[in-house]
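The values are calculated or read from the model by the stated rules, or taken from the named source; none is laboratory data. Just so we're clear, the structure is a prediction, and the values are computed from it rather than from any experiment. A quick note on method: Cβ atoms are made from the backbone with ideal geometry, for glycine too, and the neighbour counts reach across all protein chains shown.
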Amino acid sequence: MRRLSILPLLLLSACATREIKPAEAEMDRVEAALAAVPCVARLASLDRHYYYRPRYYAEEIAAAKKEGRPPRSSNRVTSVVQFDLVPAPADRAGARTSHAVPPQGPGAGDGAVHGAYHLETGELDLAGCASAADVAA
């Protein structure tokens, strides 16, 4: 009888979703590529937010528009790590954080850099970086 009382708990724990977010090794690869970019070479002074690219299905996008809400992603593209680099406050060093969903808040203020790193190809896409043209050359 005691075993039956534990069964619902086991079933619920099996249904719990696992947070899918970039691993330390993947963030290391992104930061190694970013270290070669002049406008973000001082990573220690930036708050660094990493997350996988969300995937949206057309039906969800249409429903979200109709309902006046942001779309919910259906899963993640785990071959692309997106990042937001934002200057840390002057009173502390920058922090590195891995997120299961894109973070709310890192804005496009002065010194903010947003981009993506393709794990399969090593390609780095940057936005908000004055030196982005130098990277492509």
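Among strands (runs of 3 or more DSSP E) lying entirely in the stretch 41-137, which contain 2 or more residues that are modelled with pLDDT under 90 and within 22 Å of LYS21 (Cα to Cα)?
Fully inside the stretch 41-137 and qualifying: 46-55, 75-87, 113-118, 124-127.
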task = Mind listing whichever residues of the stretch 47-101 are in contact (Cβ under 8 Å) with a residue 40 or more places away in the chain and charged (D, E, K, R)?
result = ASP47, ARG48, ARG53, ARG76, ARG96
